[in-house]
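The next block holds one structure in the form of structure tokens; read it before the comments.
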Amino acid sequence: MVYRDTIHIGRVEEFRMFITIDQNDRRPIYEQVADGIKSLIANGALKEGAELPPVRQIAADLGVNLNTIATAYRELGREGLIQIRHGQRAVVASSTSTETSKRELRKRLRTALTELALAGLSRPEILTWVSDELTGLLKGAK
């Protein structure tokens, strides 16, 4: 089951944030939420200074435990992507992660590429997929 919901962000400007929760995904839900927010930051939909909705609101909208969302926010905070201040909304701090090294990123990319090769995809198919995903991710980014 894939659950997709719209979460409204911002007080003045209405913004729709789509986060998809896939029950068949092996990743924990907090990781899916964090990855969804990272994607929105990377593609420019969430800009530096944008306020995120309260943990309770996202949890209610997605039908998950509020600790799940709190864990996702802590993860994003640890990576330097958002700032969390108690009693205030979390704010997008940066569009670049400060914790993940280029070496670690290359390792993750190699793992993903290995999985695609093991699934039987040819080099041209892999390159097309990567190009398509990158185009979709960076659509709207600076």
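Computed packing ranks the peptides 102-112, 55-65 as 55-65, 102-112, most packed first, by mean other Cβ atoms within 10 Å. Rounded to the nearest 20, the Cβ-based charge dipole of segment 23-114 about its Cα centre (Lys and Arg +1, Asp and Glu -1) stands at 380 debye. A straight Cα-to-Cα reach below 24 Å connects K139 with the lysines K38, K47, K102, residues fewer than 8 places away in its own chain not being considered.
Throughout, read-outs are computed from the coordinates displayed, never taken from laboratory work. These numbers were taken from a predicted model, which means no experiment stands behind them. So basically every Cβ, Gly included, is an ideal-geometry build from the backbone, and we count neighbours across all protein chains shown.
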